[in-house]
Amino acid sequence: MDDCVIYRTDTPTDATAFVRRYCEEHGEPVRFYACGGDGTLQSVANGIVGFPHASMTAYACGSGNDFVKYYGGQQPFLQIEELLQAQDMPVDLIRVSGHPYALNACHFGFDSAVASFMNKVRRNKLVGGKRAYPTAVAKALLCNMVTRCTVTVDGEVLNPAGKLLLCTVANGQFVGGSYRCAPRSKNDDGLLEVCLVKPVSRLRFLRLMDAYKEGRHLSDPRFDDVIVYRRGSRVNISSPDPHFACSLDGEVLFDSELSVSVAEKAIRFSVPASAAPIGQLEGEEVLA
């Protein structure tokens, strides 16, 4: 490892600027190791887009590490020797008009309220770290059970009433550290997984939460009247709320009109030999 450079970031967008500048100034093959969580991964991914000689991987030492759960969890991504020998794989990105790419998920409604509060408490000694997500969920249960927006996937309006509880547009499979929101997702198939949940009562939400967390909501009949699931290449979100919030890999933005599409095989992500996609749940359809 004589030819490595260690760069410590100072701001959320610092990694993107450094990575892009390095790629512009060096034409030889290079791999970036994003040391942190999903936000750090997102920043590095935005830096290597458009540079075919660059690849990236994760030293998964963040608080959530949702994206690497697609490959079975963070443990293989904490083994330096394995990371050095990791194999490059093509991976899609989520393109959001006027905003950075997302690597793992774009989500809004209940989820963006959770992400907003998580960002406020993640470093709190009492409710931060791994406790930040459940704390934020409890807060959102009190205040954010209905969001006004309309979601369209490849021209089809999913919620004509213009309301929802939450919606995820996923490339990975997990959000919030352990919630398997998109159990059918494949991150290299050129398609986005869109799962919209209609407004429900707090009591019903609590009864369904465990199944949603385990990723069984797409095959559990208790969800039949509240979930709209589609797979597509373009998603449009429109809200009458000028402060409409959307989370991109945990980073919250505010925009009442969003156009989301897939950037097929936009980057190369390096996967350790002992890691592998977790695949379909028992009872789920197998998608080619």
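Some observations on this one:
- Residue within the stretch 120-127 that is touching a residue at least 24 places away in the same chain (Cβ under 8 Å) and in contact with a Lys or Arg (Cβ under 7 Å, 6 or more places away or on another chain) present: no
- Enumerated helices (runs of 4 or more DSSP H) restricted to the stretch 36-127, each holding at least 2 residues that are within 19 Å of V252 (Cα to Cα) and among the β-branched types (V, I, T): 38-48, 110-121
- If you go through the stretch 228-251 and keep only what is at pLDDT below 90 and closer than 24 Å to H217 by Cβ, you end up with just G250.
- When the stretch 234-260 is filtered for residues that are touching a Ser or Thr at 6+ places or on another chain (Cβ under 6 Å) and outside any loop (DSSP other than H, G, I, E, B), the ones remaining, listed by number, are R234, N236, S238, A245, C246, S247, V252, E257, S259.
Here is a yes/no grid of residues against (1) open to solvent by less than 20 Å² (accessible area, probe 1.4 Å); (2) among the β-branched types (V, I, T):
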{"site": "T13", "(1), (2)": "no, yes"}
{"site": "F18", "(1), (2)": "no, no"}
{"site": "Y22", "(1), (2)": "no, no"}
{"site": "E25", "(1), (2)": "no, no"}
{"site": "R31", "(1), (2)": "no, no"}
{"site": "T40", "(1), (2)": "no, yes"}
{"site": "A45", "(1), (2)": "yes, no"}
{"site": "M56", "(1), (2)": "yes, no"}
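- Scanning the stretch 106-165 for residues that are within 22 Å of R95 (Cβ to Cβ) and open to solvent by 50 Å² or more (accessible area, probe 1.4 Å) yields a count of 4.
- Among all residues of the stretch 79-92, there is at least one that is open to solvent by less than 10 Å² (accessible area, probe 1.4 Å), among the hydrophobic types (A, V, I, L, M, F, W, C), in contact with an Asp or Glu (Cβ under 8 Å, 6 or more places away or on another chain) and in contact (Cβ under 8 Å) with a residue 60 or more places away in the chain.
- Residue in the stretch 271-281 that is more than 18 Å from S112 (Cα to Cα), free of Cβ contacts under 8 Å to residues at least 24 places away in the same chain and in a loop (DSSP other than H, G, I, E, B) present: yes
- All positions within the stretch 179-215 that are open to solvent by 50 Å² or more (accessible area, probe 1.4 Å) and within 16 Å of the chain's Cα centre (by Cα): K186, D188, L191, K213
- Taken over the stretch 256-288, the residue count meeting the criterion of being modelled with pLDDT of 95 or more, closer than 30 Å to T147 by Cα and surrounded by fewer than 20 Cβ atoms within 10 Å (Cβ to Cβ) is 6.
- Note on the stretch 257-279: residues that are touching a strand residue (DSSP E or B) at 6+ places or on another chain (Cβ under 7 Å) and not aliphatic (A, V, I, L, M) amount to 8.
- Within this structure, R95 fails the test of being of a type in the set (D, E, K, R), crowded, with 21+ Cβ neighbours inside 10 Å and either touching a Lys or Arg at 6+ places or on another chain (Cβ under 9 Å) or farther than 28 Å from D210 by Cβ (or both).
- If you go through the stretch 133-153 and pick out every residue that is of a type in the set (S, T, Y) and at pLDDT 85 or above, you end up with 3.
- Qualifying positions in the stretch 10-35 - within 19 Å of L83 (Cβ to Cβ), of a type in the set (V, I, T) and not in a helix (DSSP H, G or I): V30
The values are calculated or read from the model by the stated rules, or taken from the named source; none is laboratory data. Predicted, not measured: the structure shown is a model, and the values here were computed from it. Every residue, glycine as well, gets a Cβ built from its backbone with ideal geometry; the counts of neighbours run over all protein chains shown. Note: areas computed on protein heavy atoms with side chains; ligands, DNA, RNA excluded. Shrake-Rupley method; radii C 1.70, N 1.55, O 1.52, S 1.80 Å.
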